[in-house]
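> A single structure is presented below for examination.
The values are calculated or read from the model by the stated rules, or taken from the named source; none is laboratory data. Keep in mind the model is a prediction, meaning the values are calculated, not measured. FYI the Cβ positions are ideal-geometry reconstructions off the backbone, even for glycines, and counts take in every protein chain you see.
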Amino acid sequence: MDILWITIGIILLIIGIIGCILPIIPGQAISYFSLLMLQLTKKAPFNENFLVIMALIMVGVTIMDYVVPIYGTKKFGGTKKGLWGSTIGLIFGIIILPFMGIVIGPFGILGIILGPFAGAYIGESMAGRDSKTALRAAFGSFIGFLAGTMMKLAYSIIVACYFFSNI
């Protein structure tokens, strides 16, 4: 039975790390569940305090993932339209472009990177901002998106380290 829990845990880790990059999947939460799968083995390597602390960190990272892009956009002079444009651009870059055959394979990452940037720029332009201001806000949105992604990825990699060191 332990092999089943470990296998499920590894699958969850892989999905979790992918989910850190694709905002549709809650990567850090899925990564956390891999620790719970390992806890179901006969060894049960973690104590309750550790699991609670890791859960609280996961919740904190999740909250920060929403706050940091907003902060980045506002810090660089963005508006709500720029933030909405960034979100729509991200969805467009991840979901719609691959279905249209425009961005496929390893170039799909371009949709993830350029989608929020282009969306924020278009949103700021629609808000009546000049090109320089719109570009600056788009850059802030992009930096915020990257920071949130890096936080999630760091958490999931730390979880993976705990997982594999306790198998």
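> Which is on the phi < 0 side of the Ramachandran plot, β-branched (Val, Ile, Thr), buried (at least 16 other Cβ atoms within 10 Å of the Cβ) and at pLDDT below 85, of THR87, THR62?
THR87
> Being among the hydroxyl-bearing types (Ser, Thr, Tyr), at pLDDT below 90 and closer than 27 Å to ILE10 by Cα narrows it down to one residue among THR79, THR149; which is it?
It is THR149.
> Across region 117-141, what is the number of residues that are of a type outside the set (S, T, N, Q), touching a residue at least 40 places away in the same chain (Cβ under 8 Å) and either part of a helix (DSSP H, G or I) or surrounded by fewer than 18 Cβ atoms within 10 Å (Cβ to Cβ) (or both)?
11
> Do the conditions hold for TYR66, that is, is it aromatic (Phe, Trp, Tyr) and closer than 17 Å to LEU90 by Cα?
Yes: the conditions hold for TYR66.
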